[in-house]
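What follows is calculated from the coordinates using simple rules that are stated; it is not laboratory data. Note that this is a predicted model, so its numbers are computed, not measured. Neighbour counts run over all protein chains shown; Cβ positions are idealised from the backbone, glycine included.
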Amino acid sequence: MNEFALIANYFQRPCLDAAVLLGVGDDCAVLRVPPDEVLLVSTDLLVAGRHFPESTPPFDIGYKTLAVNLSDLAAMGARPLGVTLGLALPNVDPAWLEAFAAGFYTLAAEHAVCLVGGDTVKSPQLTLAVTVMGRANPAQILRRSSAQPGDWIAVTGTVGDAGLGLCSILEPNSAPASLSPADLTFLHSRLNRPSPRLAEGHRLAEFAHAAIDISDGLLQDLQHILTASGVGAVIEQAKIPLSPAAQAWFQADPTAQVLPLSAGDDYELLFTLKPQDWPQVDFPATVIGRIEAEPGLRVLDAEGQPLSLLPHGFDHFPPNRTSQP
């Protein structure tokens with residue numbers, strides 16, 4: 001199967017979105033941005049063995065490849081407009097491609113997203129590149145730089161599930177023996193099939209101040225907001241929302257309780273808002289802290305005492321910390 005047959009067989013499908021004037025099959029896609037809106041663009045690379053275990057099923061890889069990009073749009077309160085997909089493949093495996101495309105298009109159909117272009121190449125390492133395009137009212141775009149002192153800090157859903165799922169895959173003995181198969185299945189699904197919070201992000205754009213998706217760890221991603229906004233924050237560890245599966249894990253292994261502070265891949269939204277606007281939050285979310293005027297980040301434990309050492313989130317190029325005091 002050559003490159004063009006691969007595209008035609010697995011990735012060239014009709015698009016019914018009126019905003020897509022020309023999709024897969026030409027040198028460029030042609031998209032129409034609605035009047036009074038602006039175009040938002042985000043790109044992510046996913047490399048096998050780095051962003052997901054090489055044992056990950058191809059359906060889940062396809063699903064997550066799109067999910068992580070849609071999550072970027074959600075973090076800014078945008079709606080999807082179209083997406084491109086770059087595939088660097090070690091070989092052409094029809095069964096793998098069929099499952100990958102099924103996962104990708106399953107999520108695309110859920111959010112009415114059209115694949116409008118991309119590229120395929122041969123590579124020794126499976127690598128995926130997605131560029132997602134969205135649209136939004138320029139006056140309602142959520143930014144990292146708009147948090148204000150006195151804001152509440154909140155998160156959607158639950159935090160730490162994907163990190164625990166990854167731990168249980170990379171180090172199977174790390175999962176407590178008391179954890180049920182259903183709990184493990186749930187944690188794996190949260191890792192492999194995250195839910196981009198597009199509806200929540202679009203709603204937050206009406207009243208929230210700042211937002212980001214939790215991709216590299218709660219504290220690390222929150223720090224991006226603090227740095228961009230020139231503010232500080234205090235977080236209460238006991239208020240971080242946990243799923244029943246995570247609670248069962250931590251009950252059996254309390255030493256793992258700091259993981260939700262640093263584990264990534266949850267793709268929940270972390271956002272700030274005025275306390276008086278909290279009644280407008282009409283979806284599952286939890287207040288976990290507040291924004292302060294003085295720069296710095298403090299995390300309080302269950303007794304209200306600051307944690308002396310904060311865990312680091314994910315970093316592709318971490319600094320050498322061996323020389324740090």
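Just to confirm my understanding: which cysteines in the chain have no other cysteine beta carbon less than 4.7 Å from their beta carbon?
CYS28, CYS167
Expressed as an acute angle from 0 to 90° and rounded to the nearest 10, what is the orientation of the C-alpha long axis of helix 181-192 relative to the principal long axis of the chain?
With rounding to tens, the tilt is 70 degrees.
Going Cα to Cα from LYS239, which lysines come in below 24 Å? Please leave out same-chain ones fewer than 8 positions away.
The qualifying lysines are LYS274.
Between LEU300 and ARG50, how high is the FRET efficiency from 1/(1 + (r/R0)^6) when r is the Cβ-Cβ distance and R₀ = 41 Å? Nearest 0.05.
Values: r = 33 Å, r/R0 = 0.82.
After rounding to 0.05, the efficiency reads 0.75.
In the chain, how does Rg compare with the Kirkwood Rh, expressed as the Rg/Rh ratio over alpha carbon atoms? Before the final figure, lay out each step's value.
Numbers: Rg = 20.4 Å, Rh = 20.8 Å.
Here Rg/Rh amounts to 0.98.
Toward the positive end of the charge dipole of segment 3-138, about the Cα centre and with charges on Cβ (Lys, Arg +1; Asp, Glu -1), which of GLN125, PRO80, PRO14 goes farthest?
Going by the Cα projections, it comes out as PRO80.
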